[in-house]
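Enquirer: This is the structure I have questions about; it appears just below.
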Amino acid sequence: MNPIKIGMIGFGRMGGFYLEQMQKSGRWEVAYICDVSAESREEARRLAPQAQVIADEQIIFDDPEVAVVGLFALADSRLSQIGKAVAAGKHIIAEKPIADSVEREWQAVSLVEKAPLFSTVNLYLRNSWYHNTIKEFISSGEIGELAIIRVCHMTPGLAPGEGHEYEGPAFHDCGMHYVDIARWYAESEFKTWNAQAVRMWNYKDPWWLQCHGTFENGVVFDITQGHVYGQLSAKQTHNSYVDIVGTKGIARMTHDFKTATVELHGVTQTHRIERPYGGKNIDVLCERFAQSIESGRRCEELPRFRDAAIASEYAWKFIHDARTHDLPAIGDLRTLQQIRERRRTMKNGYGLLRKRA
């Protein structure tokens, strides 16, 4: 079939990931790359010489041959771009969050749900082989009834003040992925929650947060997230896992950003599976979206804007709940400045550094 023409808006770190995967797949033609940064446009010309590299996004919306727009800039631009895409009859792939406030996110949901178009958002954990393997194991009945969902993701990661201001503090910008995956496992809506956070390095916003609570179906959860894990340690490490407890067995996963290890302990089956981690799983998202467009039937595994809005809303609710409790400030801004300086000069850090804004 003919490749699907897409216009990309935003060519930072995530935009580069999408370009790489679309060039590999053969199912996409990147017709345009738009960015307001001259430096990013120059990089786009180098990496995608066949694309038209532009600074005016309206050119993409006005081109009737463009079937899909990819929204990969910061969140403050997305609601306007979603509105333009819907008006122009173009399918949408968006990064999360889908807007820069909860109210605007629900406006975006309303726009796409009223339109006869396909849309999806990069809630990348749903596209991972390891979470899907665990969920299939749960569905098989091997662990009995699902009872407890424990998710943890602590890394050195993005430091305060390094960008993403419109995406909020760490537990929203990054943590909403873990809020979403907990809800995906539970197949239920959040009912109760209690959160505790810390203002590391005396920064104005909490950069570590843990929340526990229940879903409407009685499943219990706890989520821990923070980009605070050994920021200045000589050899950086991290702690990332999911631990699923049932009435009869368990399933769990850990990863080191290179290899993911899944351990399944059921009533009749025991498995240990190691496979490449898979990164942001952009290839899976793009493949499923291309299949949806070509077949005219939405792939049910694709995350919806509604899923992103719910994850974002509850991430903010958990942050606000933490602010109603004791919110200690530990450390000082001088240490934070040392962290920022180190991250500027590091050659790598588990793929967590941003090459472009």
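Enquirer: Of all helices (runs of 4 or more DSSP H) completely enclosed by segment 19-93, which ones contain at least 3 residues that are open to solvent by less than 50 Å² (accessible area, probe 1.4 Å)?
Expert: Of the helices (runs of 4 or more DSSP H) lying wholly inside segment 19-93, those with at least 3 residues that are open to solvent by less than 50 Å² (accessible area, probe 1.4 Å) span 38-47, 78-88.
Enquirer: Any idea which of Glu162, Glu142, Glu187 is more than 29 Å from Glu103 (Cα to Cα), open to solvent by 10 Å² or more (accessible area, probe 1.4 Å) and acidic (Asp, Glu)?
Expert: That would be Glu142, the only listed residue that is more than 29 Å from Glu103 (Cα to Cα), open to solvent by 10 Å² or more (accessible area, probe 1.4 Å) and acidic (Asp, Glu).
Enquirer: Hey, another quick one. Checking Ala99 against (1) surrounded by 21 or more Cβ atoms within 10 Å (Cβ to Cβ); (2) touching a strand residue (DSSP E or B) at 6+ places or on another chain (Cβ under 6 Å); (3) part of a loop (DSSP other than H, G, I, E, B), which test does it fail?
Expert: (2)
Enquirer: Could you list, in sequence order, the residues of segment 2-14 that are over 16 Å from Glu287 (Cα atoms) and modelled with pLDDT of 95 or more?
Expert: Gly7, Met8, Ile9, Gly10, Phe11, listed by residue number.
Enquirer: Please go through (1) at pLDDT 95 or above; (2) part of a helix (DSSP H, G or I) for Ile143 and return the number of the only condition it doesn't satisfy.
Expert: (2)
Enquirer: Something else about it: Could you tell me whether any residue of segment 80-93 is of a type in the set (Ser, Thr, Tyr) and within 21 Å of Ile282 (Cα to Cα)?
Expert: No, segment 80-93 has no match at all.
Enquirer: If you go through segment 154-173 one residue at a time, do you hit one that is more than 29 Å from Glu341 (Cβ to Cβ) and either of a type in the set (D, E, K, R) or touching a Leu at 6+ places or on another chain (Cβ under 7 Å) (or both)?
Expert: No, because not a single residue in segment 154-173 is more than 29 Å from Glu341 (Cβ to Cβ) and either of a type in the set (D, E, K, R) or touching a Leu at 6+ places or on another chain (Cβ under 7 Å) (or both).
The values are calculated or read from the model by the stated rules, or taken from the named source; none is laboratory data. Quick caveat: nothing in here was measured; it's all calculated off a predicted structure. Reconstructed Cβ throughout: ideal geometry from the backbone, glycine too, with neighbour counts over all protein chains shown. Accessible surface is based on the protein model in full, side chains and every heavy atom, while ligands, DNA and RNA are left aside. Shrake-Rupley method; radii C 1.70, N 1.55, O 1.52, S 1.80 Å.
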